[in-house]
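Report on the following structure.
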Amino acid sequence: MAAQSVARTPALGGLLGETIAEFFGTMILILFGDGVVAVYGLFGTAQGVGIGAGTWPLIVFGWGFAVMLGIYVAGAISGAHINPAVTVALAATRRFPWNKVLPYIVAQILGAFVAAAILYFLYQGALVNALAANHLTIGQIAQTPTYGGTGFGWVFYTGHRAFVGLFGAFMDEFVGTALLVGLILAIVDVRNQPVQANLNPLIIGFLIVAIGSSFGANTGYAINPARDFGPRLWIAIVSGGASLSADNFYFWVPIVAPLLGGTAGAFIFDYTIGKVLGAKGLMKSGEAESMGEAVREPTAE
C-alpha cells in the first residue's frame, strides 16, 4: 500500500522526483568516487599506513564503478545526468528542456556537497593523520591543493599538476568531457549497436575508466562541474574559503571547461556519427528501447 501511495504522488512523479534522483545519484557518485580518492591519498606508505593503496588503477576503476552506481540509482527516474555538463549538453542539443536545467544542476551540486561532508567526517582520523605527517592542521586541508601538494584538499576536489599550466588543464577538462558526452550519446543511441538488458551504466562506467586512464593525470579529470564544485564548497567551509581562492582561483576551470567541452562533444556527435546514422536510415537495433539515459529490453506484460 505504501508503494502505491508514493507512486500516485504527483510531485514525486514530476520534476521534484527527478531532482531527488539527481541528488542521490550524484551523492552516490561522490561517496564512492571521492571515497576511493581518500583511500588512495590517505592510506599509503607516505602516511605511515602502507596498505598499498596509492596506485592509479585504484582511482580509475573506483571512479568508473562510482559513475555506474550513480546511474543505476537515478537512471529510470531522471536519466541519470549526475553531471551539469551532461545536462547542459542535452539541453543545447534539444534532448532536454531548458526549464529543468537549473533544478537539475542545483540538485547535483547539493548531492556532491552532502557526500563530501559525509566523507569529511568519515575519514576525519585519516585526514588528521595525513595532515600531521606534513605538519598541518585540519583547518589547513586546502593548503597547496595541486597534486603532489601537502594539503590533501585534492582528496575532495581536483587540481592540476604544477607543470601542466592553466591552458593545459583547461584543454584536458574540455577534451575529456567532450569525449564523455559524445561517447555517451554513441553508446545510448538505439540505432548504433546499443547495449541491451540495462547494461548501459556498466559500459559508461568503463568509459570513465578509459578517460581516467588516458586523460586523468593532468588535472584529476573532474569532467563534471558538480563533482568538483560541490566538495570544494564543503572544504571552503572548513578551510575558511581557501579551497576557492587557492592556486589563483583555479576552481573555475573544472566548471567552465566541462560545460563547454560537453556541449562541443554533443554537437560533434550530432553532426558526424549522428548524421551518418540518419543518412543510412538505420532504425532502432533489435528489441532496444530508449528510456532516459538507459537502453533496456522491453518486458512482457
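The values are calculated or read from the model by the stated rules, or taken from the named source; none is laboratory data. Note that the structure is a prediction, hence the values are computed from the model and not measured. For neighbour counting, all protein chains shown are included, and Cβ atoms are generated from backbone atoms with ideal geometry for every residue, glycine included.
Please determine, by comparing only the residues of region 254-273 that are under 17 Å from Ala226 (Cβ atoms) and over 15 Å from the mean Cα position of the chain (by Cα), which one is surrounded by the fewest Cβ atoms within 10 Å (Cβ to Cβ).
Looking at the filtered set, the residue picked out is Leu260.
Could you check Met171 against (1) aliphatic (A, V, I, L, M); (2) buried (at least 21 other Cβ atoms within 10 Å of the Cβ); (3) at pLDDT 95 or above and say which number it fails?
(2)
Farther than 30 Å from Val155 by Cβ, surrounded by fewer than 17 Cβ atoms within 10 Å (Cβ to Cβ) and at pLDDT 85 or above, is that true of Ile237?
Numbers: farther than 30 Å from Val155 by Cβ: no; surrounded by fewer than 17 Cβ atoms within 10 Å (Cβ to Cβ): yes; at pLDDT 85 or above: yes.
The answer is no for Ile237.
Give me a count of the residues in region 102-127 that are more than 14 Å from Gly35 (Cβ to Cβ), out of contact with any Pro (no Cβ under 8 Å at 6 or more places or on another chain) and of a type in the set (Val, Ile, Thr).
Residues meeting the conditions: 1.
Can you find a residue in region 156-164 that is within 22 Å of Val37 (Cβ to Cβ) and among the aliphatic types (A, V, I, L, M)?
Filtering region 156-164 for residues within 22 Å of Val37 (Cβ to Cβ) gives 156-164.
Narrowing further to those that are among the aliphatic types (A, V, I, L, M): 162, 164.
Checked against the condition, which is being within 22 Å of Val37 (Cβ to Cβ) and among the aliphatic types (A, V, I, L, M), region 156-164 yields at least one hit.
Does Ala132 fit the bill of being under 20 Å from Glu18 (Cβ atoms) and without any contact (Cβ under 8 Å) to a residue 60 or more places away in the chain?
no
Could we say that Ala279 is buried (at least 16 other Cβ atoms within 10 Å of the Cβ) and either within 27 Å of Val155 (Cα to Cα) or of a type in the set (A, V, I, L, M) (or both) here?
Values: buried (at least 16 other Cβ atoms within 10 Å of the Cβ): no; either within 27 Å of Val155 (Cα to Cα) or of a type in the set (A, V, I, L, M) (or both): yes.
Here the answer is no, as Ala279 does not meet what is asked.
Between residues in region 263-274 that are in a helix (DSSP H, G or I) and residues that are among the β-branched types (Val, Ile, Thr), which pairs lie under 7 Å by C-beta distance while being six or more apart or on different chains?
Cβ pairs passing all conditions: Thr263/Val88; Gly265/Thr177; Gly265/Val181; Ala266/Thr93; Ala266/Val181; Phe267/Thr93; Asp270/Thr93.
Residue check: is Val155 at pLDDT below 95 and out of contact with any Cys (no Cβ under 7 Å at 6 or more places or on another chain)?
yes
Residues that are farther than 20 Å from Ala264 by Cα, without any contact (Cβ under 8 Å) to a residue 40 or more places away in the chain and more than 18 Å from the chain's Cα centre (by Cα): does region 164-171 have at least one?
Yes, the conditions are met somewhere in region 164-171.
Please name all residue pairs, on different chains or six or more residues apart, with Cβ atoms under 8 Å, provided the first residue is in region 108-120 and is under 19 Å from Gln140 (Cβ atoms) and the second residue is acidic (Asp, Glu) and part of a helix (DSSP H, G or I).
Short answer, once both residue conditions are applied: Ala116/Asp34; Leu119/Asp34.
Name the helices (runs of 4 or more DSSP H) wholly inside region 55-143 in which the number of residues that are at pLDDT below 95 and surrounded by fewer than 22 Cβ atoms within 10 Å (Cβ to Cβ) is 1 or more.
Once the helices (runs of 4 or more DSSP H) in region 55-143 are filtered for at least 1 residues that are at pLDDT below 95 and surrounded by fewer than 22 Cβ atoms within 10 Å (Cβ to Cβ), what remains is 56-78, 124-133.
Of all residues in region 223-262, which are within 19 Å of Gly111 (Cβ to Cβ) and either in a loop (DSSP other than H, G, I, E, B) or among the polar types (S, T, N, Q) (or both)?
Ile223, Asn224, Ser243, listed by residue number.
If Val37 passes every condition in (1) part of a helix (DSSP H, G or I); (2) hydrophobic (A, V, I, L, M, F, W, C); (3) at pLDDT 95 or above; (4) crowded, with 17+ Cβ neighbours inside 10 Å but one, which one does it miss?
Single failed check for Val37: (3).
What single numbered condition from (1) surrounded by 13 or more Cβ atoms within 10 Å (Cβ to Cβ); (2) modelled with pLDDT under 85; (3) assigned to a helix (DSSP H, G or I) fails to hold for Val49?
In the conditions (1) surrounded by 13 or more Cβ atoms within 10 Å (Cβ to Cβ); (2) modelled with pLDDT under 85; (3) assigned to a helix (DSSP H, G or I), Val49 misses (3) alone.
Which residues, taken from region 185-222, are over 21 Å from Ala76 (Cα atoms), not polar (S, T, N, Q) and not in a loop (DSSP other than H, G, I, E, B)?
Val209, Ala210, Ile211, Gly212, Phe215
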